[in-house]
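A.B. asks: Have a look at the structure that comes next, please.
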């Protein structure tokens with residue numbers, strides 16, 4: 001088995017992985033149903049098989065317990081609680097947007113840090129060479 005055979009196998013493997021990834025993404029988008037009336041606002045896992053969810057059904061917000069075997073409404077939120085949840089969602093969304101705006105700067109900072117570390121290593125190597 002030569003390098004050409006190994007190269008062909010790696011190319012076939014890479015193509016298979018990319019195709020599988022593409023198809024899984026398409027299948028995931030296809031299987032998700034979108035509803036205008038019912039939306040899961042937030043979901044928090046409690047154990048492997050159960051979670052708590054805040055679900056919006058039209059204008060009501062519900063706290064639900066969802067497991068493999070059963071789903072039940074724990075309580076319905078009051079208007080004040082609903083407004084507080086909406087306010088937190090807006091703040092969270094704004095925080096994420098701000099983080100996304102800052103991310104190019106953090107990438108630049110990482111590059112600068114990497115350059116400094118590289119130069120420090122280079123300087124240290126040169127210092128060791130002079131001492132030997």
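Please treat every number below as a calculation from the coordinates, not as lab data. Because the structure is a prediction, the values reported are computed rather than measured. Cβ atoms come from the backbone with ideal geometry, glycine included; neighbour counts cover every protein chain shown.
A.B. asks: Relative to the longest principal axis of the chain, what angle (0 to 90°, nearest 10) does the C-alpha long axis of helix 3-31 take?
C.D. replies: That helix lies at roughly 20 degrees to the long axis.
A.B. asks: Report relative contact order for the chain in percent, whole number only (criteria: Cα-Cα under 8 Å, sequence separation at least 6).
C.D. replies: Taking the mean separation of contacting Cα pairs over the length of the chain, I get 9 percent.
A.B. asks: Additional query: Taking 0.36 nm per intervening residue step and subtracting the Cα-Cα distance, what contour gain separates residue 119 from residue 16 on full extension?
C.D. replies: Net length gain for the segment: 33.0 nm.
A.B. asks: Using only the alpha carbons, work out the radius of gyration and Dmax of the chain in angstrom.
C.D. replies: Rg, Dmax (Cα atoms, Å): 26.1, 76.
A.B. asks: How much length is gained if the chain between residue 58 and residue 83 is pulled fully straight, taking 0.36 nm per residue apart and subtracting their Cα-Cα distance, in nm to one decimal?
C.D. replies: 7.6 nm
A.B. asks: Still on this structure, I have one more. Taking the Cα centroid of the range 28-95 and of the range 1-19, what is the distance between the two, rounded to the nearest whole Å?
C.D. replies: What the calculation gives is 45 Å, centre to centre.
A.B. asks: Given the Cα-Cα distance of residue 97 and residue 4 and 0.36 nm per residue of separation, how much length would full extension add, in nm?
C.D. replies: 28.7 nm
A.B. asks: Going highest first, how would you order 19-26, 63-70 by mean Cβ packing within 10 Å?
C.D. replies: 63-70, 19-26
A.B. asks: Between 27, 13, 62, where does the largest GNM mean-square fluctuation fall for the chain, given springs only between Cα atoms within less than 10 Å?
C.D. replies: 13
A.B. asks: Can you show me the helix-derived [θ] at 222 nm for the chain, built from DSSP H runs with n ≥ 4 at -39,500 (n - 2.57) apiece and divided by the number of residues, rounded to the nearest 500.
C.D. replies: -23000 deg cm²/dmol
A.B. asks: Using only the Cα atoms of the range 35-77, what semi-axes does the equivalent ellipsoid have when each is the square root of 5 times a gyration tensor eigenvalue? Give whole Å, largest first.
C.D. replies: For the range 35-77, the semi-axes come out at 19, 10, 9 Å.
A.B. asks: Right, another one. For residue 75 and residue 49, FRET efficiency with R0 = 22 Å and r from the beta-carbon atoms, rounded to 0.05?
C.D. replies: 0.55
A.B. asks: Using Cα atoms only, what is the angle between the long axis of helix 79-131 and the major principal axis of the chain, expressed in degrees (0 to 90) to the nearest 10?
C.D. replies: 10 degrees
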